[in-house]
Every structure is written in structure tokens, then in C-alpha cells.
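The values are calculated or read from the model by the stated rules, or taken from the named source; none is laboratory data. Please read these numbers as outputs of a predicted model, since none were measured by experiment. FYI the Cβ positions are ideal-geometry reconstructions off the backbone, even for glycines, and counts take in every protein chain you see. Please note that ligands, DNA and RNA were not included when accessible areas were found on the heavy atoms of the full protein model with its side chains. Shrake-Rupley method; radii C 1.70, N 1.55, O 1.52, S 1.80 Å.
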Amino acid sequence: MLTLGNMDAERVERLGALAAHVVEHALASGLSWDEAILAFGIAAKAIAAKASDQGGGSPQQCAALAERRLKSGMEQSADVLRAWLR
């Protein structure tokens, strides 16, 4: 089950919907699964750069947080996506 600290149900719902959307697009992309994972890492770095540009911290701080969050996501159960991947 998804465990995200004190995150409210609406935010968990949006997170799951986004994750399911990303999975569906990754599967349809024609990339191998490991190439899709590489793309997620690149996207995370780009999102972190944008966050930094918008005052979220230094590029290094935002990239480090992105890496921690990616690792945290890997610790979650993918079962949470069943509701969206039908």
C-alpha cells in the first residue's frame, strides 16, 4: 500500500493517477522497460531543474531531493496502481 506520511487522500489519488498515466505512456512508447526507467530519471532531473528555477532551492538541492523521492517511490508497492491500470 502507498505510504506517504501525512499526505491527504486527494493528493494520494492524484499521485496514483499520474503514476498510472506515466506507466501507460511508457508501455506504449516502444522503449524497453529499462530505457523507460532511464527516461524517468532524466525527467526527474528536468523537473528538479525547473523547481530550482522557480525558487525551490539550488539545482544541487533539488536534484538531491528528486533522487531521494525516486528512491522512496521505489520502496512503495506498485499494487496502488491497480485502480488506474485496468
*What are the residue pairs meeting all of these: first residue in segment 12-28, first residue on the phi < 0 side of the Ramachandran plot, second residue hydrophobic (A, V, I, L, M, F, W, C) and exposed (fewer than 15 other Cβ atoms within 10 Å of the Cβ), Cβ atoms under 6 Å, and 6 or more apart or on different chains?*
Ala20/Leu85
*What is the number of the single condition among (1) touching a Phe, Trp or Tyr at 6+ places or on another chain (Cβ under 9 Å); (2) at pLDDT 95 or above; (3) not aromatic (Phe, Trp, Tyr) that Gly57 does not meet?*
(1)
*For segment 1-41, which residues satisfy the criterion of being assigned to a helix (DSSP H, G or I), open to solvent by 50 Å² or more (accessible area, probe 1.4 Å) and closer than 17 Å to Glu75 by Cα?*
Leu15, Ile37, Phe40
*Give the residue that is farthest from the chain's Cα centre (by Cα), with candidates limited to residues of segment 42-67 that are within 21 Å of Val22 (Cα to Cα) and exposed (fewer than 12 other Cβ atoms within 10 Å of the Cβ).*
Lys50
